[in-house]
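Here is the structure we will look at, set down as structure tokens.
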């Protein structure tokens, strides 16, 4: 590198900026946190727009594809966007209406039967001599109804004041509305934004760098699109099979548990097991034997889903081996919880494809 005044100034400025970042690291983190919190509606809106755009693109392909009328062409974007949003809202509303009322009633029923069950267990343990007598006396003398009321009271008081709760709810509603509004603007202006982004990249990057950026972007976009569509199809198939199987076995809450398992199956690997636990819990309030039958049925269905449905519907679409799917879910869940589980698989699939193509290119 030639030693010039311009290069010296660049080095000095870079060293000074690095010093400021190291000296005021905590303040920098706080500033970044404030900026990210302020930009949260925009980020959520971009995520909503990306997911809805998959369904919207499907509608656009089938919205009078051969028509040349100006009114139809002009209305295509708005009509397909509204249909996509309505489809998402309808699916979420259907799942909530099927699952939530029955789940609340099952929890209430279980709580009402909990003291009787504990007394029965204590009586059987006393009969068989499993637990010491002094411990049984302490268990049977507990007023479980009052203890449960104390637990609910403690949980309620730990949530903070009513004003703080209302403020948090209001803030969440405002963030959600801003996110949806921003996603609508993104979807309506996606062609213009794509064109503007291309012009910016063309102005500040070389052709070789643009080709690399475009290749990486298309790889991630393809993996995310295939994963989201494949995961949704797989969830619908799994929920339908669960509902049909439960109806054949004459198990209660068939439609509701099938819808809930389809919803939780969107979480890879662990989602169906979460739905199975909740479903067994609900059937347990009706019959313990039927709950056991349901668990056996779910294990068999999971084997069918894991060995036949998932590899064909999701695995083949993203091209990621099963061991890396499990690794991606584990690492993603450990870093970001449920969101990490959802993002881990497509990110791992994109990296797997990029690394694989790079290795093949080098070997050739």
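Considering only C-alpha atoms, what is the centroid distance from segment 250-299 to segment 41-61, in Å? Segment 250-299 and segment 41-61 have Cα centres spaced 31 Å from each other. Distances between every pair of Cα atoms in segment 1-107, grouped in 5 Å steps from 0 to the bin holding the largest one, split as 2, 9, 9, 9, 9, 9, 9, 8, 7, 8, 8, 7, 3, 1, 1, 0 percent. Exposure proxy ranking for 179, 229, 112, based on other Cβ atoms within 10 angstrom of each Cβ and starting from the fewest, stands as 112, 229, 179.
Ranking 212, 66 by Cβ neighbours within 10 Å, fewest first, what do you get?
Neighbour counts put them in this order, fewest first: 66, 212.
Panel note: the C-alpha atoms of segment 227-285, placed on their principal axes, show extents of 35, 19, 13 Å (largest first).
Per residue, the convex hull spanned by the Cα atoms of segment 195-267 measures out at 90 cubic angstrom.
Within segment 213-364, all pairs of alpha-carbon atoms sorted by distance into 5 Å bins from zero give the percentages 2, 10, 18, 20, 16, 12, 9, 6, 3, 2, 1, 1, 0.
By count of other Cβ within 10 Å, fewest leading, how are 77, 70 ordered?
Values: 77 17, 70 8.
Result, fewest neighbours first: 70, 77.
Every number here is computed from the coordinates shown, using simple stated rules; none is lab data. None of these values were measured; they are calculated from a predicted model. Note that we place each Cβ from the backbone using ideal geometry, even for glycine, and neighbour counts take in every protein chain shown.
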